[in-house]
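Have a look at the structure below, then the notes.
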Amino acid sequence: MKDPYFKEKVKAIEVKKKKISKLLDEMADTGFQGRRLGEVVKVWEKMIKDKDLTIVFGYAGSLSTTGQWKIVNWLIENRFIDIIVSTGANISEDIVEAMGKNYWKGEIHPNDIKLFKKEINRYYDVYGYEPDYGDMTDLIVDFIKTLDPDYIYSSREFLLLFGKWLQKRNVNSIVAMAAKYKVPVFSPALVDSAYGEAVLLAKNDGFNVVIDQVKDFKEFTKIGEKIKKTGVIYIGGGVPKDFIQLMAVSSPLQYSERKIPKRKDESIRGKDPYSYYPHQYAIQITTDAPQWGGLSGCTFDEAISWGKESETGKNIQCYCDATIALPIVTHALEERIKTKRKIVNYFKK
């Protein structure tokens, strides 16, 4: 039919033996969030194959306790992501398992008073043992004691040094893998985690560390000079999402002309010559809804009004639990893509 409303048919899925990537291809021809999940894989694959693209990965919440952190390591190793912005929880709680300890399957409706008395911390239906958490925190304290107390660190510098330190101890956590493959990790709310507790414990022992959030933002937005265009992937929302979104609109503010030198993918807004650099690809997997007005649920259409996303970009939001979507999507990518992307060192001295 020539009617513009009838361009592509919905195709019913037939049950038979097939690869995950094939199933997601078929889901992309269905409806609702199944279609969105299939489209996530297609857009992510295009991002990986775009040689001019820098892929920025937002990793929110406390997902590492749910068995997701080795997936992030795999993404780093294959360079399917180039820069990470994470909550402090996600890049500290993974260290527990990387140290050889465990999280445990728990109940949804336990007696939480009993859990408290037995030193069990609950993450919905996952249990963590408080002494294990304490050992992880103490490990961070030991690292802090190796730092220069007179130097002011960005979270990226702090986490790079920590990653290298962990590598030497065979603690192959996310920040360790990121340090190995030169993937910078930013955590704009780092102390909202065991890192904050470690800073206090180290101070009690006479060791002081300063992590500067302003330096963080300057380093992050300065990356704009070294890239051609950006694509973003948000697992959840929160601080990581908005921090990354601001790269598109805040990077030009560092220059008197309000324009990033030698960047071509700019958009001009308003009467004044003010340049924006919208992300050309955007993926979000979230359970947050847009009608409450929070940025975690903010649609990419809404973000276009700010200049954060491109009106002609490839933007997909899938409203799904990340613990369902992320393993499925990454296994499909593993089936489809057999080459690793080139390592780029954005902070080479």
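For segment 53-336, a crude dipole built from +1 on the beta carbon of Lys and Arg and -1 on the beta carbon of Asp and Glu, taken about the Cα centre, is about 960 debye to the nearest 20. Extending 7 Å from Cα along the Cβ direction at N345 and again at K226 yields two label points whose distance is 1.0 nm. For the chain, modelled as a GNM whose springs connect Cα atoms under 10 angstrom apart, the maximal fluctuation among K314, K182, K17 occurs at K17.
Each peptide in 255-265, 281-291 was scored by the mean count of other Cβ atoms within 10 Å over its residues; highest first, the order is 281-291, 255-265.
Ordering of 27-33, 173-179, 273-279, 200-206 by packing is 173-179, 273-279, 27-33, 200-206, highest average first (other Cβ atoms within 10 Å, averaged per residue). Spatially, segment 169-245 and segment 43-118 are offset by 14 Å when compared through their Cα centroids. Peptides 234-244, 112-122 ranked from most to least packed give 234-244, 112-122, packing being the mean of other C-beta atoms within 10 angstrom over each peptide's residues.
Distance between the pseudo-spin-label points of F32 and N170 (7 Å out from Cα toward the beta carbon): 4.8 nm.
Going from the fewest other Cβ atoms within 10 Å to the most, the residues T87, T146 appear in the order T146, T87. Springs between alpha-carbon atoms under 10 Å, Gaussian network over the chain: tell me which of E107, E45, E93 tops the mean-square fluctuations. In this elastic network of the chain, the residue with the biggest mean-square fluctuation among E107, E45, E93 is E107.
Applying 1/(1 + (r/R0)^6) with r as the Cβ-Cβ distance of K19 and D192 and R0 = 51 angstrom yields a FRET efficiency of 0.80. The GluC sites (Glu not before Pro) found in segment 1-41 that occupy coil by DSSP, while having at most 11 further C-beta atoms within 10 Å, are E8, E14.
Given the choices [x] 72, 42, 15; [y] 48, 20, 17; [z] 34, 28, 18, semi-axes √(5λ) of the Cα gyration tensor in Å derived from the coordinates of this structure is entry [z].
Every read-out reported here was derived from the displayed coordinates using simple, explicitly stated rules and does not represent laboratory data. As the structure is a prediction and not an experimental result, all values here were calculated from the model. Don't worry about glycine lacking a Cβ; one is built from the backbone with ideal geometry, like all the others, and counts go over all protein chains shown.
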